[in-house]
1. Any residue in region 73-80 that is assigned to a strand (DSSP E or B), under 18 Å from residue 151 (Cα atoms) and at pLDDT below 75?
2. Cβ-Cβ distance below 8 Å, separation of 6 or more or different chains: which pairs start in region 103-124 with a residue that is closer than 15 Å to residue 87 by Cα and end on one that is in a loop (DSSP other than H, G, I, E, B) and open to solvent by 70 Å² or more (accessible area, probe 1.4 Å)?
3. Picking from 125, 120, which residue would you name as being more than 16 Å from residue 53 (Cα to Cα), touching a helix residue (DSSP H, G or I) at 6+ places or on another chain (Cβ under 8 Å) and at pLDDT 90 or above?
Amino acid sequence: NNNIALNLANLKKAVDNSVANPASAGIAAAMTLDENNRVVTARVSVKAKDAKVYRVGMWLIEDKIAAAQNGSSTIKSHDNAVRYVARGTDGSADYIGYPLNEGKAMTAGQICDYVFSINISNQSIRLAHCQLVFFVTTSVGNSYTVVNSAVTKDLKTTLPFEYNN
């Protein structure tokens, strides 16, 4: 809705609820960037703190985009814009992540990997202004919740295990 105060209150509540719960899985990633072909590949490792069924996802975001916002004459700069959602091995996009450990529960301490690759075909995307967002989800009832997330500082630098929520 258009109620800014309500949106800010709901966003604050969501962030506060998220950080109140300790991460139940760690995230690490090693990336390679082929600048000539504009392809970024990431091997994402998830380490289970708790025995659960986990999924992992990756999005490419871009900062410092100078463009007018539809419906606004004042918003002309954009950060954290989702440019690509990494697709699974079958080519589909899944916004709750892709199953780890063949969809079975991981044991505490177990590490599972997933490899993502994004062909950044949109030439207007400036690679130097891009980062990767990784997230781990698990099911809670009939929905999924993010149990950990991490953001890289660029498309090349290895990300050690992060246990922030």
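1. yes
2. 119/37
3. From the options 125, 120, the qualifying one is 120.
The values are calculated or read from the model by the stated rules, or taken from the named source; none is laboratory data. All values reported here derive from a predicted model rather than from experimental measurement. Every residue, glycine among them, receives a Cβ derived from its backbone with ideal geometry; neighbour counts consider all protein chains shown. Quick note on the areas: whole protein, heavy atoms, side chains included, nothing else; ligands and nucleic acids left out. Shrake-Rupley method; radii C 1.70, N 1.55, O 1.52, S 1.80 Å.
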